[in-house]
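Below: one structure, written as structure tokens.
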2 protein chains.
Amino acid sequence: MSAPRFTPLAASLPSTVPFVGPETHERQTGVAFRARMGANENVFGPSPKAMAAVRAALEGVWTYADPENHDLRAALAQKHGVEPRNIMVGEGIDGLLGVLVRLLVAPGTPVVVSKGGYPTFNFHVAGFGGSLHAVPFTADDREDLHGLMAAARDVRAALVYLANPDNPMGTWWEGKAIEAALEHLPEDAVLCLDEAYIEFAPQGTAPRIDVSDPRIIRMRTFSKAYGMAGMRVGYAIGHEKLISAFDKVRNHFGMNKLAQIAALAALEDEDWLAETVRKVRASCDEIARIARANGLVPIPTATNFVAIDAGGDGDLARRIVAEMARRGVFIRMAFGPPQDRCIRVSAGREEDLALFADALEEVMGKLRG
Amino acid sequence: MSAPRFTPLAASLPSTVPFVGPETHERQTGVAFRARMGANENVFGPSPKAMAAVRAALEGVWTYADPENHDLRAALAQKHGVEPRNIMVGEGIDGLLGVLVRLLVAPGTPVVVSKGGYPTFNFHVAGFGGSLHAVPFTADDREDLHGLMAAARDVRAALVYLANPDNPMGTWWEGKAIEAALEHLPEDAVLCLDEAYIEFAPQGTAPRIDVSDPRIIRMRTFSKAYGMAGMRVGYAIGHEKLISAFDKVRNHFGMNKLAQIAALAALEDEDWLAETVRKVRASCDEIARIARANGLVPIPTATNFVAIDAGGDGDLARRIVAEMARRGVFIRMAFGPPQDRCIRVSAGREEDLALFADALEEVMGKLRG
């Protein structure tokens, strides 16, 4: 045998990636996107106070960040009414999902997800050899809360993933419904509740935070409402038993120091957050209006994006995405059937919306012949 | 059983961390370090051009970074005379080591390291259940190049780790010696050559880069000579077969956007790098002089730190480190016997050196009664 001697699991994995970045598309076509509305980023950006804190901290970037993320965890704990030991900070939710899966999933471990749900979670499960059991969305395009719980029991899942609000559909459950559903979650399963978009959602969408229940871990991020996807700061909230286990395997010195500082400052600027959420909601309303004006059906959203039913199948949505890209507008589509009849459009500024509106009208006209 | 249902491997791992940060010590004592000379950081900091690039890029931090790290990989490929497909960028060398180990190490996989070598590599190997085989340092405190190769053959290692120059001792092998030793590396083993400190080392310390050999992967970083430990940018150079496999499991959107931009700009400022290396060498010379003035024996170094033989055992070194900390000077010590007779002191500015000199004199006077 010759090097490298990959593990059997590593050798078996495909080289696919969960998401190809818009930059790759730009390099392939040689044309830069004029409106970036595909990655559920937040064009309204971070609090200026967070960026001021970064500027002031540049001089200190020669030191490693505090590997315990002490100050940020303390602030987050206070915000959520828990203890710092209930908080884990990591390089975005994606990074935290990878560690969580590593702790709970060995080859063959059953994991329950939604069919057509967040691909990066599935990527991590596959990467540790877990066995994915996928539950279809409900008829109203929500992740099937009750179906997920039932499947968890049926397959004896160690881990269940639910995004609330959901990506890619933007739909959501009320917090109370999730609290009630937890009664049906097996005692030895963990629900990973991905709340990346929670700040955009109506009051009551988040279930009560109860870190005494070792069966639930919440994921939050500074990439969406806080407008700093490029900084890579996510955090988990959960029972100490699970949170402390992250320390067994995580990259302790993985956090960027400026990211820690930016997140800490961003937390304090609640006015900016409120204003951002307001702008994002208005933008999503406008996206929905534009969709309807083109004879398409927007799905109600509790996020910073709108899934739009294009009235066909995945092929049609794929053609719309490609045609929009040719016109300089980056959008994505839902991940699997039947949700992939939808394109997915992130909130934009006025100028982004104008480009989107023009391009969509042109594209739909062309595709309808 | 109750949640969380950890994998047997995760359940078996200790909660120890490879390095406790200086911030933890500061919080425990309530006293801030006045000289930070323990983490092999580079107090001379990053190129001002890199920081200017960061400042200019702050506005764009609402977007995710390019997950392919295209521009940085292109620049690094050009610098090293390889192709971008031979380069992988990650969240510091620590992060890349974690992925490398994951690809090659399953429970029971034999891995060869130096006894008392870099703990974070061992942490990753343990984290994936690998079986560590540790080869003692040579009598002149170098990692035992030939012993490592022999052990790799004896235990049928999938992976061998060598830091050149070495951490914690600062010692090194000439590149030609490593090239010659590769002849004795088994065909199916991979040598991870950690060159975090290579920019400080004499010409000829790095073996020739040959990405046609799938048995060797090099690790480089912007944390040391480039002075931006807090940014978290490392990269690997190697055969496409191994490099491309990182994509199977890595956190594709893990890189901080500002970090990408800073690294790219830093690469272009070769004058700053040369000046930094000059300052670091002068500082290490001065650390050695101070050590000798106190009757201690500095080990020759090719890095930005000096291992200093304190003339006793690990207990003595531990007492020195503790006493120095009480005097506001953060240093560390070597990781295992017999090298742990040494304290390890990172290069500092004049003011750091003055604090170090005063504290060391006081501490050695006290300990000698």
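Computed from the coordinates by the stated procedures, all read-outs in this text should not be read as laboratory data. Everything quoted here is computed from the prediction, not taken from an experiment. Here the Cβ is made from the backbone with ideal geometry for all residues, glycine too, and neighbour counts use every protein chain on show.
Lys and Arg at +1, Asp and Glu at -1: add these up for the other residues within a Cβ distance under 11 Å of A:H124 and post the number. Neighbour charge sum, excluding A:H124 itself: +1. Pairs over the 22 Å Cα-Cα cut-off, from the set A:K257/B:K49; A:K257/B:K257; B:K79/B:K115; A:K49/A:K279; A:K49/A:K224: B:K79/B:K115. Values of log10 I(q)/I(0) for the range A:48-267 across q = 0.16 Å⁻¹ run -1.08, by the Debye formula with one identical scatterer at each alpha carbon and no solvent. Taking the inverse of the mean 1/r over every pair of distinct Cα atoms in the range A:1-148 gives a Kirkwood hydrodynamic radius of 19.7 Å. May I ask you to list the chymotrypsin sites (Phe, Trp or Tyr not before Pro) in the range B:140-235 that are in a DSSP loop and have at most 15 other Cβ atoms within 10 Å of their Cβ? Here no chymotrypsin sites (Phe, Trp or Tyr not before Pro) fit, given the DSSP loop and packing criteria.
When the P(r) is computed for chain A, the part past 36 Å accounts for 22% of the Cα-Cα pairs. Would you mind classifying the range B:267-369 by shape? Square roots of the alpha carbon gyration tensor eigenvalues, ordered a ≥ b ≥ c; an a/c under 1.5 is rounded, otherwise it is prolate if a/b is larger than b/c and oblate if not. Because a/c hits 1.5 or more and a/b exceeds b/c, the range B:267-369 counts as prolate.
A label point on A:R281, set 7 Å along the Cα-to-Cβ line, lies at 6.3 nm from each of its counterparts in the other copies, closest listed first. In nanometres and ascending order, the distances from the B:G369 label point to those of the other copies are 10.2 (point 7 Å from Cα along Cα→Cβ). Counting Lys +1, Arg +1, Asp -1, Glu -1, what net charge surrounds A:E174 among other residues with beta carbon under 12 Å of its beta carbon? The answer is +2. Of the trypsin sites (Lys or Arg not before Pro) found in the range A:254-343, no site is in coil according to DSSP while having at most 10 other Cβ atoms within 10 Å of its Cβ. The chain A residue nearest the rotation axis shared with chain B, using its Cβ and rounding the distance to whole Å, is A:N256, 2. Of the trypsin sites (Lys or Arg not before Pro) found in the range A:29-99, those that fall in a DSSP loop while having at most 14 other beta-carbon atoms within 10 Å are A:R34. Would you mind estimating how fast the protein assembly as shown diffuses translationally, via Stokes-Einstein at 4 °C and 1.567 mPa s with the Kirkwood radius over Cα pairs, in µm²/s? Rounded, D is 48 µm²/s.
Three semi-axes describe the equivalent ellipsoid of the range A:138-194; taken as square roots of 5 times the Cα gyration tensor eigenvalues and ordered largest first, they are 19, 11, 10 Å.
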